[in-house]
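The values are calculated or read from the model by the stated rules, or taken from the named source; none is laboratory data. These figures come from a predicted structure and were not determined experimentally. Heads up, the Cβs are rebuilt from the backbone with ideal geometry, glycines too, and the neighbour counts pull from every protein chain shown. Ligands, DNA and RNA are excluded from the accessible area calculation, which covers all protein heavy atoms including side chains. Shrake-Rupley method; radii C 1.70, N 1.55, O 1.52, S 1.80 Å.
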Amino acid sequence: MAWINDARYRAVFYQVLAIAAVAALAWSMFATASANLAKQDIATGFGYLSRQAGFVISEAAIDYKPTDSVGRALLVGIANTVKVSLLAALFGTVVGFAVGIGRMSRNPLLQRLMLSYIELLRNVPLLLYLLFWYALIINVLPPVRSALTIGPHVYLSNSGLALPAFSLDGGWAMPLAALVVGLAMAFVVRRASLRRRLATGRVNAGGWIALAVAVLPLAAVWLAGGLAVSWDIPEAGRFRITGGAQVRPEFVALLFGLALSVSATVAEIVRAGVQAVGKGQWEAASALGLPRRRTMRLVVLPQAMRLMVPPLTNTYLTVFKNSSLAIAIGYPDLVMVSNTVMNQTGQAMETIAIFMAVYLGLSVAISLVMNWYNQRVALKER
């Protein structure tokens, strides 16, 4: 029983005990609700997931037909949510870093423009921006019969954006495997070149060699004939555009709204992180002859990242949860597909439990990834 006096073991024991208590409470509530529903002859359980869905989903990130199962339909909603959330987080981070650095510019005009951008996006509810972008696309862009040709076989109208799409005749398995192998080899080469640079103090061509190694397996697959590409070209008709890749206005409005909202938050996080780095770091870099841009990239930002990662984690979690507002503009995310499933099957409790578990799982995954990165950039005490 010596472990009782060890704080580490006690902490683990209390956590396991708390998890067991929560699980027991959840099971008790589920069993009680199932019994009450059974008394009213209302079916329970997850067997309905294997039934035929029987409804159309306007946009699907994975293959889907109305004859597929309800479980497949929910999987489409999950894929749509993940797709738009990841793209919004990516674009919002890139734009937010640029805006945050511009917010600290010595140019007063640029500084005030970036400040106005941040305040405008942070102080208006996200739902209003989603409705604004959707209404702008629907009402301002021309109809299909007068679609704008913004490039070869690229059409823009109030029905969305149509552009050429490609597919691999031999499937994606071999190219993806080659890409993964190339990236793994490039990572090893890059790490080796960095260690050699730190050991010798000499600049080497490790970055270019890593880039060549990354594309080498993919080039080998292409030369072996395993990378045959076929193109699907869109054709504009009187009432619709057929063929190619169709980007619907609901997706564009949701992506723009989420990405711009994220960019404003990320900009303030970047500004706070950079300003938290001591002024002496700027002065020391200047004394070494580094220009302001290289000082920002090589000296200040690496130190600021240690402070920015925790609030960035919260921002990325918010992106995934805010994607549920897509139901307001008709984008078929997880919540909208789940509502359709509940209306058709009548099994609301199980469906709500599924998409709550999905959001919880996504949030935990994001937290684990960001915590891992936070440990990578954190200062190590000796």
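Can you name every residue in segment 330-351 that is more than 30 Å from residue 34 (Cα to Cα) and buried (at least 21 other Cβ atoms within 10 Å of the Cβ)?
The one that is more than 30 Å from residue 34 (Cα to Cα) and buried (at least 21 other Cβ atoms within 10 Å of the Cβ): 331.
Are any residues in segment 208-259 open to solvent by less than 80 Å² (accessible area, probe 1.4 Å), at pLDDT below 80 and either within 30 Å of residue 326 (Cβ to Cβ) or among the basic types (Lys, Arg) (or both), and if so, which ones?
Correct list: 232, 236, 237, 241, 242, 243, 244, 245.
From (1) in a loop (DSSP other than H, G, I, E, B); (2) under 25 Å from the mean Cα position of the chain (by Cα), pick out the condition that doesn't hold for residue 239.
Answer for residue 239: the failing condition is (2).
Working only within segment 39-85, note down all residues that are of a type in the set (Gly, Ala, Ser), touching a Ser or Thr at 6+ places or on another chain (Cβ under 8 Å), open to solvent by less than 60 Å² (accessible area, probe 1.4 Å) and part of a helix (DSSP H, G or I).
71, 73, 77, 85
Among 76, 99, which is the only one that is among the β-branched types (Val, Ile, Thr), under 20 Å from the mean Cα position of the chain (by Cα) and under 23 Å from residue 312 (Cβ atoms)?
The unique qualifying residue is 99.
Given the structure, is residue 90 in contact with a Leu (Cβ under 6 Å, 6 or more places away or on another chain), open to solvent by 40 Å² or more (accessible area, probe 1.4 Å) and either hydrophobic (A, V, I, L, M, F, W, C) or under 24 Å from residue 317 (Cβ atoms) (or both)?
no
For the subset of segment 308-329 comprising residues that are open to solvent by 20 Å² or more (accessible area, probe 1.4 Å) and small (Gly, Ala, Ser), which member is farthest from the chain's Cα centre (by Cα)?
328
Taking the condition of a type in the set (A, V, I, L, M, F, W, C) and surrounded by fewer than 16 Cβ atoms within 10 Å (Cβ to Cβ), does residue 97 pass?
Spelling it out, it is not the case that residue 97 is of a type in the set (A, V, I, L, M, F, W, C) and surrounded by fewer than 16 Cβ atoms within 10 Å (Cβ to Cβ).
Among the strands (runs of 3 or more DSSP E) confined wholly to segment 125-202, which include 1 or more residues that are at pLDDT below 85, closer than 17 Å to residue 245 by Cβ and open to solvent by 80 Å² or more (accessible area, probe 1.4 Å)?
Answer list for segment 125-202: 148-151, 165-168.
Looking at (1) closer than 27 Å to residue 322 by Cα; (2) out of contact with any Ser or Thr (no Cβ under 9 Å at 6 or more places or on another chain), which one does residue 197 not meet, given that it meets all the others?
Here residue 197 clears every test but (1).
Here are some conditions: (1) in a strand (DSSP E or B); (2) free of Cβ contacts under 8 Å to residues at least 60 places away in the same chain. Residue 220 meets all but one. Which one does it not meet?
(1)
Would you confirm, using the coordinates I've provided, whether residue 112 is in a loop (DSSP other than H, G, I, E, B) and surrounded by fewer than 13 Cβ atoms within 10 Å (Cβ to Cβ)?
no
If you go through segment 266-283, how many residues are part of a helix (DSSP H, G or I) and either within 22 Å of residue 89 (Cα to Cα) or open to solvent by less than 50 Å² (accessible area, probe 1.4 Å) (or both)?
Going through segment 266-283 one residue at a time, the tally reaches 10.
Can you tell me which residue within segment 247-298, out of those that are aromatic (Phe, Trp, Tyr) and in contact (Cβ under 8 Å) with a residue 40 or more places away in the chain, is nearest to residue 163 (Cα to Cα)?
251
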